[in-house]
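Trainee: Just passing along the structure, written as structure tokens.
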Amino acid sequence: MTQQKTNPPAAGKGPLDGLVIVDKPSGFTSHDVVAKMRGIAKTRRVGHAGTLDPMATGVLVLGVEKATKMLGHLALTEKEYLGTIRLGQNTVTDDAEGEITSSADASAVTREAIDAGVAEQTGAIMQVPSKVSAIKIDGKRSYARVRGGEEFDIPARPVTVSSFRVYDVRPAVAEDGTPVVDLVVSVVCSSGTYIRAIARDLGAATGVGGHLTALRRTRVGPYGLDAARTLDQLQEELTVMPAADAAAAAFPRWDVDERRARLLLNGVRLDMPGYPAGAVAAFGPEERLLALVEEENGKAKSLAVFG
């Protein structure tokens with residue numbers, strides 16, 4: 001994947017179409033990063049592909065101009081994280097941002113118990129998202145219900161944790177004097193998985209409670225930290241992955257000739273080869289990104305047109 005580097009657009013010049021891979025700082029919401037990028041790229045047309053909690057750092061995929069059209073289709077990709085889980089304390093948010101709600105001595109928790117808890121949360125699982133989250137319950141954000149003092153339940157939903165590994169087990173003492181255990185972990189999972197909820201549930205499985213104390217997202221689909229830039233770096237030199245390169249990396253590719261390219265752009269549903277379910281990037285001559293399409297009854301149905 002190539003990336004174009006450019007100074008922020010001058011007045012009167014349109015911004016580049018493409019993805020910007022940001023290394024999000026801690027303390028910023030995903031919306032904060034979008035707002036910052038709107039200033040850097042000199043356009044209001046900026047969006048993000050999946051949120052990252054304010055506490056977390058790492059890969060956040062932004063779309064600029066026409067590339068915003070593909071963001072909704074990128075959101076269902078696999079994600080990878082490095083994090084630290086503290087066993088011995090529960091918090092109201094399931095991470096270090098929230099108040100501690102209970103503490104328990106975790107010094108007797110064995111590696112076997114930890115491994116058994118990890119195994120329970122690996123594979124296709126049903127997960128209850130954290131209550132202090134943006135999940136909507138009957139049209140209202142879950143965190144808003146918590147702030148309003150409401151009692152409610154969030155239904156479990158299916159997610160996939162394809163890899164959950166513990167790299168280090170570190171005994172420690174919390175600020176309140178509780179003996180705790182800090183686990184350095186990596187998780188590879190489907191979109192929609194809450195790492196905070198994994199920490200909470202591992203704490204429950206070991207009988208002492210748990211929460212997430214640090215989180216860094218290292219990959220979203222094919223986009224990793226090697227392609228990411230900090231906001232300060234992007235302010236100095238805007239680095240954009242052209243929409244065509246981004247689509248080629250994220251989706252199966254379908255190449256068509258000039259005649260079929262014109263028909264496709266005019267809304268004609270062309271016969272399409274068989275592809276796995278989901279979006280396919282249609283390319284014309286000279287590496288021109290035409291559209292994202294999906295196969296429907298053997299025909300190409302347009303999901304987003306780039307022209």
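Read the figures in this text as sums done on the coordinates, not as results from a lab. On a predicted model such as this, the values are computed, not experimentally measured, just so you know. Glycine also receives a Cβ, built like all others from the backbone with ideal geometry; neighbour counts cover every protein chain displayed.
Trainee: Which distance in nm do the two modelled labels at residue 165 and residue 255 give, with both placed 7 Å along the Cα-to-Cβ direction?
Mentor: Inter-label distance under the simple model: 3.6 nm.
Trainee: What distance in nm lies between label points placed 7 Å from Cα along the C-beta direction at residue 32 and residue 128?
Mentor: 3.0 nm
Trainee: Here's another thing I want to ask about it. For 105, 201, what's the fewest-to-most ordering of other Cβ within 10 Å of each Cβ? It would help to have the intermediate numbers written out before the result.
Mentor: Details: 105 11, 201 19.
Ascending Cβ contact count within 10 Å gives the list 105, 201.
Trainee: Of 122, 22, 160, which is farthest towards the positive pole of the chain's charge dipole, taken about the Cα centre with +1 and -1 on the beta-carbons of Lys, Arg and Asp, Glu respectively?
Mentor: Farthest along the dipole direction, towards plus: 22.
Trainee: While we're looking at this one, here's another question. What is the magnitude of the charge dipole of the chain about its Cα centre, with +1 placed on the Cβ of each Lys and Arg, -1 on the Cβ of each Asp and Glu, and no other charges, expressed in debye to the nearest 20?
Mentor: Values: 36 positive and 38 negative charges, 244 e Å.
Dipole size: approximately 1180 debye.
Trainee: Let me ask another. Region 69-121 to region 246-289: how many Å between their Cα centroids?
Mentor: What the calculation gives is 40 Å, centre to centre.
Trainee: Below 8 Å between Cα atoms, with a sequence gap of 6+, how large is the relative contact order for the chain in percent?
Mentor: Contact order relative to length: 24 percent.
Trainee: Collect residues whose amide H, placed 1.01 Å from N in the peptide plane, falls under 5 Å from the amide H of residue 57; neighbours closer than 5 in sequence don't count.
Mentor: Result for residue 57 returns 215, 216, 217.
Trainee: Here is a follow-up. Can you tell me which of 215, 270, 52 moves the most in a GNM of the chain? Springs connect C-alpha atoms under 10 Å apart.
Mentor: 270
Trainee: For the chain, with a Gaussian network of springs between Cα atoms less than 10 Å apart, report the residue from 25, 242, 273 with the top mean-square fluctuation.
Mentor: Comparing 25, 242, 273 in a Gaussian network model of the chain, the most mobile one is 273.
Trainee: What percentages make up the Cα-Cα pair-distance distribution of region 251-305 when the bins are 10 Å wide from 0?
Mentor: 28, 63, 9
Trainee: Can you work out the Karplus-derived ³J(HN,Hα) for every residue in region 237-254? Use 6.51 cos²θ - 1.76 cosθ + 1.60 with θ = phi - 60°, whole Hz, and x for glycine or proline.
Mentor: 8, 5, 10, 10, 8, x, 4, 5, 5, 4, 5, 5, 7, 9, 10, x, 10, 10
Trainee: Another question, if that's okay. Add -39500 (n - 2.57) for each DSSP H run of 4 or more in the chain, then divide by its residues: what number comes out at 222 nm, to the nearest 500 deg cm²/dmol?
Mentor: The per-residue figure over the chain is -6000 deg cm²/dmol.
Trainee: In addition: Enumerate the calculated ³J(HN,Hα) couplings along region 120-130 in order (Karplus 6.51 cos²θ - 1.76 cosθ + 1.60, θ = phi - 60°), each rounded to whole Hz, writing x wherever the residue is Gly or Pro.
Mentor: Once rounded to whole Hz, the list reads 5, 9, 10, x, 7, 10, 9, 10, 8, x, 4.
Trainee: On to the next question. Which residue, 96, 104, 277, has the most motion in a Gaussian network model of the chain that connects Cα atoms within less than 10 Å?
Mentor: Most flexible of the set in this elastic network: 277.
Trainee: Karplus couplings for region 42-52 from phi (6.51 cos²θ - 1.76 cosθ + 1.60, θ = phi - 60°), rounded to Hz, Gly and Pro as x?
Mentor: 6, 8, 7, 7, 9, x, 10, 9, x, 7, 9
Trainee: With angles folded into 0 to 90 degrees, how steeply does helix 195-206 sit against the dominant principal axis of the chain? Use alpha carbons for both and round to 10.
Mentor: 30 degrees
Trainee: Using only Cα atoms, find the angle between the long axis of helix 30-41 and the longest principal axis of the chain, and express it within 0 to 90 degrees, rounded to the nearest 10.
Mentor: The angle comes out near 40 degrees.
Trainee: Further question on the same structure: Using amide H atoms built 1.01 Å from N in the peptide plane, name the residues 5+ places from residue 48, or on other chains, whose amide H lies under 5 Å from its own.
Mentor: Answer set, sorted by chain and number: 63.
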